[in-house]
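Trainee: Below is one structure. I have some questions about it.
Taken together, the values in this text are just the output of simple stated rules run on the coordinates, not laboratory data. For clarity, every value in this text was computed on a predicted model and none was experimentally measured. As a convention, Cβ positions derive from the backbone with ideal geometry for all residues, glycine included, and neighbour counts pool all protein chains shown.
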Amino acid sequence: MANTIDDYTKARKLGNKEYQKALSEGHYPYLPALDYMLGSRTTMAEEYVGIKEIPLSLVVGTVTQGRQDSFARNFMPILPPETEFGQKWINLMDYQTSHGISDAIKATEFMGKFYVLEGNKRVSVLKFLEQPTIMAEVTRVLPPKSDDIEVIIYYEFLKFYKCTGIYDITFSESGCYEKLAEAVGKDLESPWDEDTVKDLKSAFLNFTTAYMGGGGKALSITIGDAFLIYIGIYKFESLINTPADEIKKNLTPIWQEIRIKANGDQIAFSEEPQLQKKTVIPIIDTLIKKPSYSEKNPLKILFLYDGDSTKSRWINGHEQGRKYLEEKFPGIVKTLTCDCKTTEEEFDEAVEAAAEDGADMIITTSPIQMEHALRAAVKHPNIKFMNCSVHISHGAVRTYYGRMYEAKFVLGVLAATLSKDHRIGYVSTYPICGNIANINAFAMGAAMIDPEAKIYLTWSCLKEGYWREFIKENDLKIVSGPDLIKPQDKSDNEYGLYQVDDNGEITNLAFPVWNWGKYYELIVQTILNDAWDAEGEKDKAVNYWWGMSSGVIDVFRCDTIPYSTNKLVKAIQKTITADLCNPFDGELRSQNGLIKPSDSPRLSNEEIINMNWLNDNVIGSIPGFDELTEKAQQTVRANGMPIVTRGEITE
């Protein structure tokens, strides 16, 4: 009995500490009561789950208010040991020590958390003893379905639970259970086999031990969030029968990825190139050996494409940029190229060959490649990896993109000056980061010149409907088509901003320019200047998001434009370059109403990138996931873009 009294004293000390901490933080210091939280539950559906083994970490409160003030919010007792409550707790601890508690508690599950109806002291004793689970007779209370993100995640959990019977794995974002099922090679439509469930439970338990022992307790994300990052890099199969000590070693190179997730996937946007190195203590700088590049020791860069540069408009632009690098830095920079590497095996083989050859940097030009690039970057920490995308946040792979909306704004101005009927066509590619801002900037530029201008929006990534037919059916004479010309196809003139006459003849007016040669020149210059580490903030991903002022984005104007219109466009472009004009300053209105009033600040980089609304003069809509081609679906998935909601994504 003496030992159990000592245990109660220790447990009460933990309870009082948690009680005082809650008060100092301005929180309620006792256990939450479900009935108080929900009020009347008469409108909520309930279902009997049965007797289940549940994680004690998810037991967070009581159903009624009767006993809640006997415990701190961590379920540790706070009443003196001589009270009736104290004596019962001590007797129960003594029984657990001699016989073991086996009777199931009664609990209500709501939103993935458990609230005790009978058995509060049993929970308290087992939590004190750091037991992982407890048997419980569970009744589930179902919240009404809504657009609340927590409710959405909960109903995704219920699908996962019905397939696996696993309570422990929780996530803080929608879509994660689907990702987990895909990583395990299963779906959320049918029950998983016993061996798979057993492997997942064991892997998650070992990961939890390694993660919490390695510092995960200090992070704000769920263990499930970190688990998904881990298997996204190392794959689920690597966790099966892997001890916690080995998992802990594997966590070492990816803690930055986990901290970025815990920090809300924040991105440090570099709006202009930083070509000067960080100021450091001189003596430390001399001790750190940095590579010096020369003709004898050139900077080696692999451009790794997922398509054919002779057929893809996008890849061809990057390939021209690669060739420009060779000319700009003769002998100092040596580039290699691998194209059509579409599978993981092909990608890995190319990376390993480049690593063997002493590559310093590997550049990937599609967001679809990010998953492979991340795994390779973790494996080869001495190689700099880059991916051409804007919304994906990883520490091991830097991303880069251009503020193309600046060029689109200029083209919108030009289109409106030349349109005779206020009707302008716009062809967009994928509903991903940046593209919605491009559409809106174009529409705003047109509206500044012609308040009656209407932008007829179509997409080149749809399963059904051809964008050229859309242009013809709507008899659109001024069109913003695909940004880039097809490689080796001089007859293709339906790109950029063009005009269609009554006979169907096309006249090119202007087109946006991705100056990839300049972009890669600036990136290389940061390396040569030892300024690579000048970018970035703690626990944030780095994205280069440069624009016209850096020379990486431009507008090419054809001779067919009237000289007075050309002067106007050049003037607008100068104001953008000088940051005197931005389409997302001032009042903004969407198809559904006011976005922000005229006296509010300019939209932030994050707001521009995550834009999911269309300007009020746009006629058209953002397509649903199932309307997209397979290639477009892959791109949308890779971007993780919230423009197309997870609810619309089907496998």
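Trainee: Once Lys and Arg get +1 and Asp and Glu get -1 on their Cβ, which of 395, 330, 16 lies farthest toward the positive end of the dipole of the chain?
Mentor: Towards the positive end, the residue furthest out is 16.
Trainee: Quick one: net charge of residue 222's neighbours, Cβ under 13 Å, K/R +1, D/E -1?
Mentor: Values: positive: 113, 217, 261; negative: 150, 168, 173, 225.
So the surrounding residues net to -1.
Trainee: Of 209, 413, 27, which is farthest along the charge dipole of the chain in the positive direction, counting Lys and Arg as +1 and Asp and Glu as -1 at C-beta?
Mentor: Highest projection toward the positive end goes to 27.
Trainee: Let me ask another. Between the stretch 202-242 and the stretch 294-372, what is the C-alpha centre distance in whole Å?
Mentor: 33 Å
Trainee: How would you rank 511, 409, going from fewest to most other Cβ atoms within 10 Å of each one's own Cβ? Intermediate values should be presented prior to the final figure.
Mentor: On the way: 511 22, 409 29.
Fewest to most other Cβ atoms nearby, the residues stand as 511, 409.
Trainee: For the stretch 1-144, just say rounded, prolate or oblate: build the C-alpha gyration tensor, square-root its eigenvalues into a ≥ b ≥ c, call rounded for a/c under 1.5, and beyond that prolate if a/b exceeds b/c, oblate if not. It would help to have the intermediate numbers written out before the result.
Mentor: Details: a/c = 2.25, a/b = 1.36, b/c = 1.66.
Oblate shape, in that a/c is at least 1.5 and b/c is the bigger or equal ratio.
Trainee: Right, another one. What ranking of 176, 163 emerges when the number of other C-beta atoms within 10 Å of each C-beta is taken as an exposure proxy, fewest first?
Mentor: The order, fewest Cβ neighbours first, is 163, 176.
Trainee: Ok, one more. Do any GluC sites (Glu not before Pro) in the stretch 120-171 lie in a DSSP loop with no more than 11 other beta carbon atoms within 10 Å, and if so, which? Display every interim value, and only then the final one.
Mentor: Values: sites: 130, 137, 150, 156; in loops: 130.
Here the GluC sites (Glu not before Pro) that fit, given the DSSP loop and packing criteria, are 130.
Trainee: If you don't mind, another one. Among 323/472; 179/249; 127/201; 408/596, which pairs are too far apart, with a Cα-Cα distance over 28 Å? Could the numbers behind the result be given before it?
Mentor: Values: 323/472 38 Å; 179/249 24 Å; 127/201 20 Å; 408/596 21 Å.
Check vs 28 Å cut-off fails for 323/472.
Trainee: Right, something else. Mind checking the stretch 443-484 for trypsin sites (Lys or Arg not before Pro) that DSSP puts in a loop (not H, G, I, E or B) and that have at most 16 other Cβ atoms within 10 Å? Provide the component values of the computation, followed by the final result.
Mentor: Values: sites: 454, 463, 468, 472, 477; in loops: 463, 477.
The qualifying sites are 463.
Trainee: Hey, another quick one. If you find the alpha carbon centre of the stretch 244-273 and of the stretch 23-90, how far apart are they in angstrom?
Mentor: Centre-to-centre (Cα) distance: 35 Å.
Trainee: Rounded to the nearest 20 Debye, what is the dipole magnitude of the stretch 1-144 about its Cα centre when Lys and Arg each give +1 and Asp and Glu each give -1 at the C-beta? Show your work: numbers first, answer last.
Mentor: Numbers: 16 positive and 17 negative charges, 57 e Å.
Here the stretch 1-144 has a charge dipole of around 280 debye.
Trainee: Let me ask something else about it. Placing unit charges on C-beta atoms (Lys and Arg positive, Asp and Glu negative, everything else neutral), compute the dipole magnitude of the chain about its Cα centre in debye, rounded to 20. Walk me through the numbers on the way to the answer.
Mentor: On the way: 70 positive and 92 negative charges, 318 e Å.
In total the dipole reaches around 1520 debye.
Trainee: Along the charge dipole of the stretch 518-564, pointing to its positive end and built from +1/-1 on Cβ of Lys, Arg, Asp and Glu, which listed residue (553, 526, 563) has its Cα farthest out?
Mentor: Selected residue: 563.
Trainee: Order these by the 10 Å Cβ neighbour count, fewest first: 27, 372, 394.
Mentor: Numbers: 27 10, 372 22, 394 26.
In increasing order of surrounding Cβ atoms, one gets 27, 372, 394.
Trainee: Here is a further query. So in the chain, what percent of DSSP beta bridges are antiparallel if you round to the nearest 5? Could the numbers behind the result be given before it?
Mentor: Working: 34 of 80 bridges.
Restricted to the chain, the bridges split so that about 45 percent are antiparallel.
Trainee: Taking 8 Å as the Cα distance limit and 6 or more residues as the minimum spacing, I'd like the relative contact order of the chain as a percentage.
Mentor: On the way: 1149 pairs, mean separation 75.2, N = 651.
Taking the mean separation of contacting Cα pairs over the length of the chain, I get 12 percent.
Trainee: Which loop-located trypsin sites (Lys or Arg not before Pro) does the stretch 565-607 contain, where loop means any DSSP state but H, G, I, E or B and the Cβ has at most 16 other Cβ atoms within 10 Å?
Mentor: Numbers: sites: 567, 570, 574, 589, 602; in loops: 602.
In loop regions of the stretch 565-607 (DSSP not H, G, I, E or B), the sparsely surrounded trypsin sites (Lys or Arg not before Pro) are 602.
Trainee: Still on this structure: List the relative contact order of the stretch 1-144 as a percent without decimals, with contacts defined as Cα pairs under 8 Å and 6+ residues apart. Please list the in-between numbers first.
Mentor: Values: 253 pairs, mean separation 47.9, N = 144.
This gives 33 percent for the stretch 1-144.
Trainee: Test of understanding: what is the full-extension gain from residue 563 to residue 422, defined as 0.36 nm times their sequence separation minus their Cα-Cα distance?
Mentor: Values: separation 141, 0.36 × 141 = 50.76 nm, distance 2.12 nm.
Extra length available between residue 563 and residue 422 comes to 48.6 nm.
Trainee: Also, quick follow-up: Nearest 5 is fine: what % of DSSP beta bridges in the stretch 1-144 come out antiparallel, could you say?
Mentor: Values: 17 of 27 bridges.
Of those bridges, close to 65 percent are antiparallel.
Trainee: May I ask for the distance between the Cα centers of the stretch 423-498 and the stretch 396-411, given as a whole number of Å?
Mentor: So the separation of the two Cα centres works out to 17 Å.
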